[in-house]
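Reviewing the structure listed below.
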Amino acid sequence: MMENTSDRSLIFERLDRIRDSMAEACLQCGRRPEDVTLMAVTKTVPAERVNLAIDWGIRLLGENRAQELCAKYDGYQLKRENIHFIGHLQTNKVKSIIDKVDMIHSVDSLKLAAEIDKLSAAHGRAMKILVEVNGEKQESKSGVYPEDLPGFLDELGQFSHLQVCGLMTIPPVAQNEAEKEKFFSKVFQLFIDNKAKKTDNINMSVLSMGMSGDYEAAIRNGSTIVRLGSAIFGPRL
């Protein structure tokens, strides 16, 4: 497919602005820009457009759907880039992505954890995972409730082919800026509290929160990975 020069320029300009705004958010809270990783979320984005972001320097891709990842995987011009799975993952889909991703962000049940552990063992690897936290206990959302997190982490620590690396969260919709800041601060405190417990096989080093509309607030409240799709690629098709 012939490259669209104007599309390339637009994606590069957006990424330049995002990089600068991420650096400013880090400056506001005394953090270093290199402590926060920019993920390009590729839901509904054709592989050739994702490759433009890779050309700019994106090193982390976020995939929401197992079937879409499998369909686009061979079209990616991967060199040293990593792919993380960030969407809701059904146990019967784990086998299709286990050899394609470096981390799974959305673990929220022991059933899913057990399947990932089993298939990781079969592939001779330990899968890095994040626990999805439902910070506001929304019934319509997946994720572990804050009060259940310590016990859940204890149980995850028993799996020999999982590496629990931290937490992931999605804020409630329709929050104003102050509410988003409060939500992110709450999850960050949850992250810090559970990191301090030093549970076996738990390495709380990654906090994945913040998307196109709120990533600066997430950075100011401790996020280490921000997940941006429309801010990079424009509105979803």
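Of everything in the range 2-49 that's of a type in the set (A, V, I, L, M, F, W, C) and free of Cβ contacts under 8 Å to residues at least 40 places away in the same chain, which residue is most open to solvent (accessible area, probe 1.4 Å)?
2
Does residue 187 fit the bill of being open to solvent by less than 20 Å² (accessible area, probe 1.4 Å) and more than 30 Å from residue 160 (Cβ to Cβ)?
Criteria not met by residue 187.
Could you tell me whether the range 79-98 includes any residue that is crowded, with 17+ Cβ neighbours inside 10 Å, touching a Gly at 6+ places or on another chain (Cβ under 9 Å) and farther than 16 Å from residue 131 by Cβ?
Yes, some residue in the range 79-98 is crowded, with 17+ Cβ neighbours inside 10 Å, touching a Gly at 6+ places or on another chain (Cβ under 9 Å) and farther than 16 Å from residue 131 by Cβ.
The rows are residues; the columns are (1) touching a residue at least 24 places away in the same chain (Cβ under 8 Å); (2) surrounded by 22 or more Cβ atoms within 10 Å (Cβ to Cβ); (3) within 23 Å of residue 104 (Cβ to Cβ).
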residue: 151; (1), (2), (3): no, no, yes
residue: 157; (1), (2), (3): yes, no, yes
residue: 160; (1), (2), (3): yes, no, yes
residue: 164; (1), (2), (3): yes, yes, yes
residue: 178; (1), (2), (3): no, no, no
residue: 182; (1), (2), (3): no, no, no
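Checking the structure you have, find out if any residue of the range 199-219 is open to solvent by 40 Å² or more (accessible area, probe 1.4 Å), over 23 Å from residue 21 (Cβ atoms) and assigned to a loop (DSSP other than H, G, I, E, B).
Looking for residues that are open to solvent by 40 Å² or more (accessible area, probe 1.4 Å), over 23 Å from residue 21 (Cβ atoms) and assigned to a loop (DSSP other than H, G, I, E, B), one finds at least one in the range 199-219, hence yes.
Considering 132, 115, 136, which residue is under 22 Å from residue 185 (Cα atoms) and open to solvent by 40 Å² or more (accessible area, probe 1.4 Å)?
Going through 132, 115, 136 in turn, just one is under 22 Å from residue 185 (Cα atoms) and open to solvent by 40 Å² or more (accessible area, probe 1.4 Å): 136.
Which members of the range 55-86 meet the condition of being assigned to a helix (DSSP H, G or I) and either closer than 13 Å to residue 41 by Cα or in contact with a helix residue (DSSP H, G or I) (Cβ under 7 Å, 6 or more places away or on another chain) (or both)?
If the condition is that a residue be assigned to a helix (DSSP H, G or I) and either closer than 13 Å to residue 41 by Cα or in contact with a helix residue (DSSP H, G or I) (Cβ under 7 Å, 6 or more places away or on another chain) (or both), then 56, 66, 68, 69, 70, 72, 75 are the ones that fit.
If residue 231 meets every condition in (1) outside any loop (DSSP other than H, G, I, E, B); (2) open to solvent by 20 Å² or more (accessible area, probe 1.4 Å); (3) modelled with pLDDT under 95 apart from one, which number is that one?
So residue 231 meets the others, but not (3).
The values are calculated or read from the model by the stated rules, or taken from the named source; none is laboratory data. Everything numeric in this text was worked out from a predicted model, so none of it was measured. Virtual Cβ from ideal backbone geometry, glycine too; neighbours counted across all protein chains shown. For accessibility, only protein heavy atoms count, side chains too; no ligands or nucleic acids. Shrake-Rupley method; radii C 1.70, N 1.55, O 1.52, S 1.80 Å.
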